[in-house]
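Visitor: Could you have a look at this structure, given as structure tokens, before my questions?
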Amino acid sequence: MRKFKCLIIEDEPLAAEIITEYIQQVPHLQLVSVCVNAMEGLQLLKTETIDILFLDINLPQISGIDFMRSLVKKPAVIFITAHREYAIESYELGVIDYLLKPVSFSRFLMAVNKITERITVGDAVETQSQYKDYLFVNVSRKRQKIHFDEIIYFESKREYVNIVTQQGSYLTKIQLSELEKQLSADVFLRIHRSFIISKRKIKAYNTTEIDLAAVQVPIGRNYKEHVLAQLNQS
């Protein structure tokens, strides 16, 4: 099994020390760094490829939730907090797991196994997608085949994704972040926390929205710089 690179962003020394010790006990995990605030973490994410981010919610300067919203390319995230009330919001952001302090090793390992399995499957899907021009999704108890060149955009609907194509729409139960792993960055572009679009279907765009075959899709504030840079290169 390959090594999964980990980053901890946690301002409580004891909590950071515990997660560090847990990571060191798992052979396929590699701790890259421990950051005490989101800005330190952001700088590291610009230079390092991180597989798993252990992120405290109550951070100085900017909360873990707002920090995650600001990321265009997100690693797999495990929130660590002493507060239960953020659970629903965190899962809506695509967080893989939510650990309450104090975190036991068994609960930590359960979260890590969930992530490493998803990453391993995602790696396999990514390899396969290099040779495929379609994907299969679960729709109404069937596996529906959808060709990439038919897709106009994907829209997140909480725990579901609506796939809008030239032939119609398909609602499937999956997180948008998971579906994104099956898509080629050459063809598709994440422009909002709720939208991924097909570059081939763009009719026009400005700094706030993109026209796609008679529908306008908003560009998210936190995605704007990356999106416009990508489109201006086209």
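What follows is calculated from the coordinates using simple rules that are stated; it is not laboratory data. Note that this is a predicted model, so its numbers are computed, not measured. Please note: Cβ atoms are built from the backbone with ideal geometry, for glycine as well, and neighbour counts cover all protein chains shown.
Visitor: To the nearest 10 degrees, how steeply does helix 224-233 sit against the main Cα axis of the chain, on a 0 to 90 scale?
Guide: That helix lies at roughly 50 degrees to the long axis.
Visitor: So if each residue of separation counts as 0.36 nm, and I subtract the Cα-Cα distance between Val215 and Ser70, what length gain in nm does that give? Let's see the in-between values first.
Guide: Values: separation 145, 0.36 × 145 = 52.20 nm, distance 2.54 nm.
Net length gain for the segment: 49.7 nm.
Visitor: Compute the acute angle (0 to 90°) between the alpha-carbon long axis of helix 38-47 and the principal axis of greatest extent of the alpha-carbon atoms of the chain; round to the nearest 10°.
Guide: With both axes taken from Cα atoms, the answer is about 60 degrees.
Visitor: Dipole of the stretch 4-128, Cα-centred, from +1 at each Lys and Arg C-beta and -1 at each Asp and Glu C-beta, to the nearest 20 debye? Could the numbers behind the result be given before it?
Guide: Numbers: 10 positive and 17 negative charges, 43 e Å.
In total the dipole reaches around 200 debye.
Visitor: Of Asp97, Asp11, Asp66, which is the most mobile in a GNM of the chain whose springs link Cα atoms less than 10 angstrom apart?
Guide: Asp66
Visitor: Here's a follow-up. Of Asn206, Pro218, Ile151, which is farthest along the charge dipole of the stretch 134-233 in the positive direction, counting Lys and Arg as +1 and Asp and Glu as -1 at C-beta?
Guide: Result: Ile151.
Visitor: Rounded to the nearest 20 Debye, what is the dipole magnitude of the chain about its Cα centre when Lys and Arg each give +1 and Asp and Glu each give -1 at the C-beta?
Guide: In debye, rounded to 20, the chain gives about 900.
Visitor: Specify which labelled value, from (i) 1, 6, 10, 13, 13, 12, 11, 10, 8, 5, 3, 3, 2, 1, 1, 0, 0, 0; (ii) 1, 6, 13, 17, 18, 16, 13, 9, 5, 2, 0; (iii) 1, 7, 15, 19, 20, 18, 13, 6, 2, 0, agrees with P(r) over Cα pairs in 5 Å bins from 0, in percent derived from the coordinates of the model shown.
Guide: (ii)
Visitor: Nearest-5 percent of antiparallel DSSP beta bridges in the chain?
Guide: Values: 31 of 50 bridges.
Expressed as a percentage, antiparallel bridges in the chain total about 60.
Visitor: Of Lys73/Lys201; Lys173/Lys199; Lys157/Lys224; Lys114/Lys199; Lys157/Lys199; Lys74/Lys145, which pairs sit farther than 30 Å apart, going by alpha carbon to alpha carbon?
Guide: Beyond 30 Å: Lys114/Lys199.
Visitor: Another question, if that's okay. Quick check: the angle from helix 105-129's long axis to the longest principal axis of the chain, C-alpha only, nearest 10 degrees?
Guide: 30 degrees
Visitor: Below 8 Å between Cα atoms, with a sequence gap of 6+, how large is the relative contact order for the chain in percent? Please report the intermediate quantities before stating the final value.
Guide: Working: 365 pairs, mean separation 27.4, N = 234.
Answer for the chain is 12 percent.
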